[in-house]
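Engineer: So that we are looking at the same thing, I have put the structure below in structure tokens.
Bear in mind that the values in this text are calculations on the coordinates, not laboratory data. From a predicted model like this one, the values you see are computed outputs, not experimental measurements. Don't worry about glycine lacking a Cβ; one is built from the backbone with ideal geometry, like all the others, and counts go over all protein chains shown.
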Amino acid sequence: MGLHRTSLPYGSLGRLSLWWTLSCALVCSGCQPAQLRQPELLVQVSTIPRSATSLDVWVALNTTPANERPQLALPPSPDGYSFVLALPAAAAGIVKVGVGARDPQGCLLAVGQGQLDLQATDRGFGLPLTVSLDTPTPTDCWRGAATIDQVLPTQVGSAGGEVITIDGSGFVPTSVAKVDGVDAVTTWVSFTQLRAIVPPHPGFRGMVPLSVTSIWGAPAVRTDLLSYYTGPRAL
């Protein structure tokens, strides 16, 4: 099982970014883990399809996307894989890690996710987080494009502020829902679900486009699922 080390520092503007190193850390003879002030997660990926050659990794900290889909090369016919994820010293809250396994043609074979409730006192190397790739992909060669299948509720008030649940596929921590072209505050729940706070659309009633951005290309768009109402909820 391979072991790679990563770091997750705060950027100069307060944004989180994920920096990967391809050197094999903590596996050389006589190497000892250093005493670190920041928390380090040992992410263990299991049930990797044997034809997979790389892993896509997404990270969110307290629903804030923390990286831009770094990719790790896999050894031939992997059974499992591990890497170390170093978080900022001040990190605390819910850390979600999503992983997708790709074949040489770039097709996603399986995806999975794991999460950890990181406490302010959790510091040092070796906090375990397991990700099992047990979610099959929707097509024979799915490259990760987002799809929207349904949204609940289907009607929202034009004053905004209501939370909708979007079900579909291809969602990652960096996905953003848009309602009639306006960004909604979006929370990644899983590869198949998002939650979003609907923006206000004063005085408007009727159907509106709902879209979800994709890091692989054009966004997923549905124009038949969500509508605004004014006054009492329409029946």
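Engineer: Taking 35 Å as R0, compute the FRET efficiency from the Cβ-Cβ separation of Asp183 and Ser51 and round it to 0.05. Don't skip to the answer; put the middle values down first.
Structural biologist: Values: r = 38 Å, r/R0 = 1.07.
FRET efficiency, Asp183 to Ser51: 0.40.
Engineer: Let me ask another. With a cut-off of 12 Å, note down the residues of the stretch 174-207 whose backbone N falls inside the zone around a label point 7 Å from the Cα of Thr230 toward its beta carbon.
Structural biologist: Within reach of a label on Thr230: 201-206.
Engineer: With θ taken as phi - 60° and the coefficients 6.51, -1.76 and 1.60, list the Karplus ³J(HN,Hα) couplings across the stretch 87-100 in order, rounded to whole Hz; mark glycine and proline as x.
Structural biologist: 9, x, 4, 8, 5, 7, x, 8, 9, 10, 10, x, 9, x
Engineer: Could you please state, rounded to a whole Å, how far the C-alpha centre of the stretch 147-177 is from the C-alpha centre of the stretch 74-123?
Structural biologist: 25
Engineer: Ok, one more. What distance in nm separates the simple spin-label points at Thr130 and Ser77, each placed 7 Å from Cα in the Cβ direction?
Structural biologist: 2.5
Engineer: Using the count of nearby Cβ atoms within 10 Å as a rough guide to exposure, how do Leu226, Leu127, Leu152 rank from fewest to most?
Structural biologist: Details: Leu226 23, Leu127 19, Leu152 11.
Ascending number of Cβ neighbours within 10 Å: Leu152, Leu127, Leu226.
Engineer: Under a plain spin-label model, where a point goes 7 Å from the Cα along Cα-to-Cβ, how far apart in nm are Leu152 and Gln119?
Structural biologist: It works out to 3.4 nm between the two label points.
Engineer: Which residues does the label zone of Glu162 cover in the stretch 175-208, counting backbone N under 14 Å from a point 7 Å along Cα→Cβ?
Structural biologist: Flagged as within label range: 196-208.
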